[in-house]
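Step one of this worksheet: look at the structure below.
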Amino acid sequence: MDYSTDLSIITWLEIDEERIYNSSQRRVADVLPDIFSAYTALLPAVGIIEGFPFEQINIYKSTIAQINTNASVWKQYGVFSAHQTPDYKLTKFSDLTVRFGVTYDANVIKRLEWGTQGFAVKWEQTASNLLHLLRELAQCATLNLYIVDYCRYEAVEVLPSSDQVVYSVTIEEFISLLSATSFDTTLYLFPDDRSWCLINVEDGDYPILGTSRELGEALSSKSSIEMFPLSPESNV
């Protein structure tokens, strides 16, 4: 990946790390400039183990009997196993909310009980979905990428440079890098014309995309990603 030490290209983002990492009160306006007419939450792909006995799992009850039951169920379905991989079949958050009786909105990830291990994010599918979305979105060969927490990845040699730089990346390079960091890095991706901007935040539930309203609506009809509209004041 090519890169530049000229950081003037990111001035318009008005990046404030203190606001970005204030997860208890973080709003869309704290991570993206209030210049777009549409902000969209891009949910990850999710899978479920078919036939998983959710009713038998209780991660809050610490009796020996319950701990043994949890362990037995997880062993049966390959959870926490070094020799077996759980078979998570692709599903939708909309289906999970119906099954588990929670509200279907941009906070759905926080409402689901992930500790049961009966469902999980499918990261490869998430990467594939985002790749196809960006191909619909980008009208240029390369995009600008700024990684806020670049210092975290110098040791594992994920990044070409250990300095504070702006990268010029293809969509494929971006997806590869995001996957290498397990989708757990704070970064901005945008074209030269600033017509849209994608932000991913460390420990965040999902990437957020800022666009025009027309572009946002067009993308939602072309993508398999579950999306929710956000406002600058939405908590994320």
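Could you say which residue among Asp149, Asp184 is of a type in the set (D, E, K, R) and surrounded by 14 or more Cβ atoms within 10 Å (Cβ to Cβ)?
Numbers: Asp184 fails: surrounded by 14 or more Cβ atoms within 10 Å (Cβ to Cβ).
Sole residue among the options that is of a type in the set (D, E, K, R) and surrounded by 14 or more Cβ atoms within 10 Å (Cβ to Cβ): Asp149.
Are there any pairs with C-beta distances below 7 angstrom linking a residue in the range 109-120 that is modelled with pLDDT under 95 to a residue that is part of a helix (DSSP H, G or I) and among the β-branched types (Val, Ile, Thr), with the two at least 6 apart or on different chains, and if so which?
As it stands, the answer is none, since no pair meets every condition given.
Just wondering, is there one or more residues in the range 93-104 that are in contact with a Lys or Arg (Cβ under 7 Å, 6 or more places away or on another chain), farther than 23 Å from Glu217 by Cα, β-branched (Val, Ile, Thr) and not assigned by TED's automatic domain parsing to the domain that holds Ile10? So that I can check it myself, show each step before the final result.
Filtering the range 93-104 down to residues in contact with a Lys or Arg (Cβ under 7 Å, 6 or more places away or on another chain) leaves 102-103.
Applying the additional criterion that residues be farther than 23 Å from Glu217 by Cα yields 102.
Those left that are additionally β-branched (Val, Ile, Thr): 102.
Subset that is not assigned by TED's automatic domain parsing to the domain that holds Ile10: 102.
Yes: the range 93-104 contains one or more residues that are in contact with a Lys or Arg (Cβ under 7 Å, 6 or more places away or on another chain), farther than 23 Å from Glu217 by Cα, β-branched (Val, Ile, Thr) and not assigned by TED's automatic domain parsing to the domain that holds Ile10.
Of all residues in the range 1-58, count the ones that are in a helix (DSSP H, G or I), touching a residue at least 60 places away in the same chain (Cβ under 8 Å), surrounded by 12 or more Cβ atoms within 10 Å (Cβ to Cβ) and within 19 Å of the chain's Cα centre (by Cα). Please lay out each step first, then the result.
The initial filter retains those residues of the range 1-58 that are in a helix (DSSP H, G or I), namely 7-13, 17-20, 28-31, 54-56.
Filter once more, keeping what is touching a residue at least 60 places away in the same chain (Cβ under 8 Å): 7, 9-10, 12-13, 17, 20, 28-29, 31, 54.
So of that shortlist, the ones also surrounded by 12 or more Cβ atoms within 10 Å (Cβ to Cβ) come out as 7, 9-10, 12-13, 20, 28-29, 31, 54.
Within this subset, residues satisfying the condition of being within 19 Å of the chain's Cα centre (by Cα) are 20, 28-29, 31.
Going through the range 1-58 one residue at a time, the tally reaches 4.
Any chance you could count how many residues in the range 109-122 are of a type in the set (A, V, I, L, M, F, W, C) and loosely packed, with under 15 Cβ neighbours inside 10 Å?
Result for the range 109-122: 1.
Any residue in the range 64-72 that is of a type in the set (A, V, I, L, M), more than 26 Å from Asp203 (Cα to Cα), modelled with pLDDT of 95 or more and surrounded by fewer than 12 Cβ atoms within 10 Å (Cβ to Cβ)?
Yes: the range 64-72 contains one or more residues that are of a type in the set (A, V, I, L, M), more than 26 Å from Asp203 (Cα to Cα), modelled with pLDDT of 95 or more and surrounded by fewer than 12 Cβ atoms within 10 Å (Cβ to Cβ).
Tell me the residue from Glu173, Glu233, Glu214 that is touching a Lys or Arg at 6+ places or on another chain (Cβ under 7 Å), charged (D, E, K, R) and surrounded by fewer than 21 Cβ atoms within 10 Å (Cβ to Cβ), please.
Exactly one residue qualifies, and that residue is Glu233.
Test Glu226 against the criterion of being buried (at least 17 other Cβ atoms within 10 Å of the Cβ), over 17 Å from Val31 (Cα atoms) and among the acidic types (Asp, Glu), and give yes or no.
Taking the combined requirement at face value, the residue satisfies it.
Could you list, in sequence order, the residues of the range 59-81 that are assigned to a loop (DSSP other than H, G, I, E, B) and in contact with a Lys or Arg (Cβ under 9 Å, 6 or more places away or on another chain)?
Correct list: Ser81 only.
Do we have Thr126 as surrounded by 15 or more Cβ atoms within 10 Å (Cβ to Cβ) and within 30 Å of Glu14 (Cα to Cα) here?
yes
Taking Asp105, is it of a type in the set (Asp, Glu) and more than 16 Å from the chain's Cα centre (by Cα)? Steps first, answer last, please.
Working: of a type in the set (Asp, Glu): yes; more than 16 Å from the chain's Cα centre (by Cα): no.
So Asp105 does not fit the description; no.
Among the residues of the range 12-71, write down those that are over 30 Å from Pro191 (Cα atoms) and basic (Lys, Arg).
Lys61
Mind counting the residues in the range 93-108 that are surrounded by fewer than 17 Cβ atoms within 10 Å (Cβ to Cβ) and either of a type in the set (Gly, Ala, Ser) or touching an Asp or Glu at 6+ places or on another chain (Cβ under 6 Å) (or both)? Step through it out loud before you land on a result.
At the first step, the residues of the range 93-108 found to be surrounded by fewer than 17 Cβ atoms within 10 Å (Cβ to Cβ) are 94-95, 97-105, 107.
Then keep just the ones that are either of a type in the set (Gly, Ala, Ser) or touching an Asp or Glu at 6+ places or on another chain (Cβ under 6 Å) (or both); that gives 94, 101.
Qualifying residue count for the region: 2.
How many residues does the range 182-221 contain that are small (Gly, Ala, Ser) and under 25 Å from Val121 (Cβ atoms)? Give the steps one after another, and end with the answer.
Going residue by residue through the range 182-221, those that are small (Gly, Ala, Ser) are 182, 195, 204, 210, 212, 216, 218, 220-221.
Now narrow it down to the ones that are under 25 Å from Val121 (Cβ atoms): 182, 204, 210, 216, 220-221.
Number satisfying all stated conditions: 6.
Exactly one of (1) part of a loop (DSSP other than H, G, I, E, B); (2) under 16 Å from Ala45 (Cβ atoms); (3) not assigned by TED's automatic domain parsing to the domain that holds Ile57 is unmet by Pro86. Its number?
Exception for Pro86: condition (3).
The values are calculated or read from the model by the stated rules, or taken from the named source; none is laboratory data. What you see is a predicted model; the values in this text were computed from it and never measured. Every residue, glycine among them, receives a Cβ derived from its backbone with ideal geometry; neighbour counts consider all protein chains shown.
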